[in-house]
Amino acid sequence: MKKGLVREKKEKPQRTVRFHLQLFWTTFSLSLFTFGGGFVIISLMRKKMVVKLGWIDDEQMLDFVTIAQSSPGPIAVNGSLMVGYHLAGLSGALVAVLGTVLPPMIILGFVSLGYEAVAGNPWIGAAFHGMRAVVAAIVMQVTWALFRPLLEKREVLPLALFGVSLVLLFVLKVNIMVVMVAMILFFVVQSLVGLKRGGKDQ
Amino acid sequence: MTTLFSLFYSFFQIGLFSIGGGYAAMPLIKAQAVDIHHWITATEFADLVTIAEMTPGPIAINAATFVGMRVAGVLGAVLATLGNILPSCIIMLILARLYEKYSKQTLLKQILGGVRPVVVAAIFSAGLVLLQLALTSVSQPDLFALVVFAVAFVLLNSKRIPLGPIALLVLGAGVGILHSVLA
C-alpha cells in the first residue's frame, strides 16, 4: 500500500509521435469531463497522470498548479501546458493545450447553433444532477489524498498555512491569484532572509 | 475582417486580464461582448453563463467559442479562442521553461514546497463550493445528491473496485436520469 504523496515515478516517456497522440488523447478525454471549473481537471489529471500513468509525481503536480494559478488565463489550459512542456517540450505543450481546448470548442460550437434546446433540457438537467455530486466527490477525494501527507508530517507551518488559505479562499472569497502571489512572496522573503542568515553564520 | 480582428483582440484582452479563474473572467467577457461591441444581448449572456456551467471546459473558452460562432461562424470561434488563450500560453511557456531549468535549485524548491499547502487548500475550497452546489441546486435537502456523493467518494477510495473518475461521471449521469424518471 502506498501512503503519502505519490513519489515513485517512471522515467519520462520518449518523445515519439505515439506519445504525442497519447498525450493529446489524455488531455482531450480529461477536458471532455471537466465540469465545474479548473480544479476538477486538476483532480482528474492527478488520477490519470500521477496515479495511473505515472508521468509526473504529486509534488510536481502541485508545483504546476501553483504556477498555473499564479498567471492569468484558465487553470485547465495553463496546467495542461505545464504538463505537456514538462513531458515533451514545446510540441508537448502545444498538443496538450490543443487537447484541452478542443472539446469545449466543439461542444460550444454545436450548442451555439441551438442553445435554447440545451439550456432548458430536462434530460441534461437530470444527468447533471447526478454528475455534480460525482464531481464534488472527485475533488474531495483528491483533496484528501493530498491533505493526508500534510497531516502525517505534523508540522505547524504547513497546517497553519492550509487553515489560513482555506479561510481566505472559502470564507472571505479572496481572489485565488492574490492569495497565491502573496504566499509566494512570503516564501521568497523568508528564503532570502534565511539565505542571508546562513551566509553570516559561516 | 475588422470584426474578426476585434474578436481576436477583445478575447486577447480578456485572456490577459482574467486573473484568478473562470468567474473572474465573466465581468470582462460581459464588458467586451455585451457593453462595448454588442455582439450578444444581456439575456444571451445570461444564457451563456448557464450553458458554460453545463458544458465542459473553461468558462472563458466556452464564451469565446459561443460569441465567435454567433458573430462570425467557425473562423470567428477559432480566432476568439486563440486570442483568449494566447496571452496565458506565452506567459506559461516562459514560466514552464524557468521551472524546468531551476526546479532543482533549493530556493525555488523551498518556495514551491512552502506554497503547497495553499494549493491543497485551494483545491479543498473548490471542492466545498462544488459540494454546496451539488447539494443545493435542485432541492433542499437533496438526499439523492448526498447519497451519490457519498457512494462516489467511497468508490474512489476503494482499491477493490477500480472505477475511474470518468466512468463514475458517466454512471452519475445515468443515475441522475434514472432518478428523474422514477421520481
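Here are the numbers for this structure:
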| read-out | value |
| --- | --- |
| Pairwise FRET efficiency - B:Leu178 versus A:Ala117, Cβ, R0 = 30 Å, nearest 0.05 | 0.85 |
| Surface accessible to a 1.4 Å probe, A:Phe147 within the full protein complex, Å² | 40 |
| Accessible surface of B:Tyr102 - all protein chains present, 1.4 Å probe, nearest 10 Å² | 90 |
| Mean accessible surface per residue for chain A, computed with a 1.4 Å probe while every protein chain stays in place, in Å² | 46 |
| Whole-Hz ³J(HN,Hα) from phi, Karplus 6.51 cos²θ - 1.76 cosθ + 1.60, for the stretch A:147-158, glycine and proline x | 7, 3, x, 5, 5, 5, 5, 6, 9, 6, 4, x |
| Pairwise FRET efficiency - B:Gln140 versus A:Gln190, Cβ, R0 = 45 Å, nearest 0.05 | 0.50 |
| By accessible area with a 1.4 Å probe, ligands and nucleic acids excluded, highest first: order of B:Tyr99, B:Tyr9 | B:Tyr9, B:Tyr99 |
| For chain B, convex hull volume per residue from C-alpha positions, Å³ | 177 |
| Calculated P(r) of the stretch A:113-202 - Cα pairs past 20 Å, % | 64 |
| Sites B:Ala31 and A:Trp25 - FRET efficiency at Förster radius 30 Å, r taken between beta-carbons, to 0.05 | 0.25 |
| Heavy-atom SASA rank of B:Ser139, A:Ser112 (probe 1.4 Å, accessible area, largest first) | B:Ser139, A:Ser112 |
| Rounded accessible area of B:His179 (nearest 10 Å², 1.4 Å probe) | 60 |
| Using θ = phi - 60° and Karplus 6.51 cos²θ - 1.76 cosθ + 1.60, couplings along the stretch B:55-69 (whole Hz; Gly, Pro as x) | 10, x, x, x, 4, 5, 6, 4, 5, 4, 5, 4, 5, x, 5 |
| For the stretch B:139-154, Karplus couplings with θ = phi - 60° (6.51, -1.76, 1.60), whole Hz, Gly/Pro x | 8, 10, x, 9, 5, 4, 4, 5, 5, 4, 4, 5, 5, 4, 4, 5 |
| Euclidean distance of C-alpha centroids, the stretch A:131-160 and the stretch B:41-88, integer Å | 32 |
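The values are calculated or read from the model by the stated rules, or taken from the named source; none is laboratory data. Note that the structure is predicted; figures quoted are calculated from it, not measured. Here the Cβ is made from the backbone with ideal geometry for all residues, glycine too, and neighbour counts use every protein chain on show. In case anyone asks, the SASA skips ligands and DNA or RNA and just uses the protein heavy atoms, side chains included. Shrake-Rupley method; radii C 1.70, N 1.55, O 1.52, S 1.80 Å.
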